[in-house]
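The values are calculated or read from the model by the stated rules, or taken from the named source; none is laboratory data. Quick caveat, the model's predicted, so the values are computed rather than measured. Here the Cβ is made from the backbone with ideal geometry for all residues, glycine too, and neighbour counts use every protein chain on show.
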Amino acid sequence: MIEVRALSKRFGDKLAVDQLSFTVKPGQVTGFLGPNGAGKSTTMRMIVGLDRPSDGVATVNGRAYREHGAPLRQMGALLDAKSVHKGRTARSHLLALAQTHGIPAARVDEVLGMVGLESAARRRAGSFSLGMGQRLGIAAALLGDPAAVILDEPVNGLDPDGVLWVRNLLKGLAAEGRTVLVSSHLMSEMAVTAEHLVIIGRGRLLADTTVDDLIARVAVGSVLVRTPEATALRDALVAGRATVTSAEPGLLQVSGASAAEIGDLARRHGIALHELTPRRASLEEAYMELTRTAVEYQ
């Protein structure tokens with residue numbers, strides 16, 4: 001389990017993380033989301049001990065990460081796929097990490113196979129594509145067979161097959177009871193991968209909730225309406241301060257009014273309805289609504 005309690009980080013006069021608290025529980029994928037400059041990377045660096053907090057604490061399985069005798073067995077991390085000596089081969093890079101923890105060479109070959117880099121094991125990391133570098137970083141994170149994994153933008157540079165592979169990998173790790181924290185800007189991917197979300201903006205916690213609860217709490221969905229009297233219904237809806245758009249004759253997309261309210265309004269005006277379909281808001285819409293006032297760089 002990863003616990004963050006009243007965590008703050010100041011760089012000069014810039015408060016990057018502001019009294020942030022959340023818990024990442026085992027057995028589920030937790031998405032760590034926020035606009036650029038929100039403090040996600042700084043928070044993850046503090047969790048793994050690369051940055052020292054100005055205030056507060058971050059623990060992994062009950063202790064600060066640096067206090068564990070064999071930290072790679074407690075939590076594996078991918079924070080920067082480029083932080084590899086470019087002259088080393090993929091296998092020698094992982095072997096050097098393994099030797100710091102007494103991890104056998106057989107495990108190095110095993111994780112290379114897990115991430116699909118067996119054929120590139122003897123290639124120098126400097127020749128790797130972005131996607132191959134991501135796979136090597138994931139292999140390093142999994143090297144110690146850790147109880148927790150923290151990954152920063154793991155699908156960056158991967159093709160669709162690679163994205164699907166990471167999605168299944170994360171779900172598989174969570175199903176094994178591990179703690180999984182993953183950051184991403186791809187809302188569509190988080191919608192099908194994460195069960196829980198921690199969202200921050202300007203260094204502060206905005207939401208600590210499930211995907212479904214966030215959508216229900218933040219986003220207002222729309223209603224698809226099909227009617228032979230679209231103009232009359234549109235005028236009535238706009239008069240009631242609903243927002244109405246139309247992609248084709250006889251079809252209206254309505255925001256700001258529920259399906260029941262639209263149906264009642266149509267009945268009062270004697271307008272026939274041929275379709276009345278509520279549309280559930282997407283995670284992206286919910287996220288944009290939640291963070292619209294917390295964007296650091298407009």
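Key figures for this structure:
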| item | result |
| --- | --- |
| Checklist (1) within 30 Å of F11 (Cα to Cα); (2) in contact with a Ser or Thr (Cβ under 8 Å, 6 or more places away or on another chain) applied to A207, failing item | (2) |
| In segment 188-201, residue nearest to G27 (Cα to Cα) [restricted to those that are among the aliphatic types (A, V, I, L, M) and buried (at least 20 other Cβ atoms within 10 Å of the Cβ)] | A194 |
| Whichever residue in segment 282-298 is hydrophobic (A, V, I, L, M, F, W, C) and in contact with a Pro (Cβ under 9 Å, 6 or more places away or on another chain) and, among such residues, is modelled with the lowest pLDDT | V295 |
| Close pairs from segment 26-46: first assigned by TED's automatic domain parsing to the domain that holds D152, partner part of a helix (DSSP H, G or I) and of a type in the set (S, T, Y), Cβ under 6 Å, at least 6 apart | V29/T193; P35/T291 |
| Selected residue [of a type in the set (G, A, S) and closer than 23 Å to P146 by Cα] from A16, A58, A6, A38 | A58 |
| Conditions (1) out of contact with any Ser or Thr (no Cβ under 7 Å at 6 or more places or on another chain); (2) within 25 Å of P35 (Cβ to Cβ); number of the one not met by V198 | (1) |
| Pick from segment 223-254, criterion among the β-branched types (V, I, T) and touching a Gly at 6+ places or on another chain (Cβ under 8 Å), ranking: farthest from H274 (Cα to Cα) | T243 |
| Number of the condition not met by G157 [criteria: (1) surrounded by fewer than 15 Cβ atoms within 10 Å (Cβ to Cβ); (2) under 20 Å from the mean Cα position of the chain (by Cα); (3) not in a helix (DSSP H, G or I)] | (1) |
| Residue satisfying all of: in segment 240-281; at pLDDT below 95 and more than 15 Å from L224 (Cα to Cα); surrounded by the fewest Cβ atoms within 10 Å (Cβ to Cβ) among these | R241 |
| In segment 71-85, residue surrounded by the most Cβ atoms within 10 Å (Cβ to Cβ) [restricted to those that are small (G, A, S) and modelled with pLDDT under 95] | A81 |
| First in segment 221-232 and farther than 15 Å from T243 by Cβ, second anywhere and among the charged types (D, E, K, R), Cβ under 9 Å, 6 or more apart | R226/E275; T227/E275 |
| Evaluation of D80 against (1) over 24 Å from I2 (Cα atoms); (2) charged (D, E, K, R); (3) not in a helix (DSSP H, G or I) (one fails), failing number | (1) |
| Any hit, segment 208-227, residues being modelled with pLDDT of 95 or more, outside any strand (DSSP E or B) and more than 24 Å from V155 (Cβ to Cβ) | yes |
| Residue in segment 56-68 that is within 24 Å of M190 (Cβ to Cβ) and assigned to a loop (DSSP other than H, G, I, E, B) present | no |
| Single residue of segment 88-138 satisfying the filter (among the hydrophobic types (A, V, I, L, M, F, W, C) and not in a helix (DSSP H, G or I)) that is surrounded by the most Cβ atoms within 10 Å (Cβ to Cβ) | V115 |
| Selected residue [among the basic types (K, R) and in the same structural domain as N36 (by TED's automatic domain parsing)] from R268, R292, R204, R217 | R204 |
| Leading residue by the ranking (farthest from L173 (Cα to Cα)) among those in segment 1-40 that are surrounded by fewer than 20 Cβ atoms within 10 Å (Cβ to Cβ) and hydroxyl-bearing (S, T, Y) | S8 |
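Residues are listed down the side, and each one gets a yes or a no for (1) out of contact with any Lys or Arg (no Cβ under 8 Å at 6 or more places or on another chain); (2) under 12 Å from G31 (Cβ atoms):
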site: V108; (1), (2): no, no
site: A148; (1), (2): no, no
site: K171; (1), (2): yes, no
site: A174; (1), (2): yes, yes
site: L186; (1), (2): yes, yes
site: D208; (1), (2): yes, yes
site: A216; (1), (2): yes, no
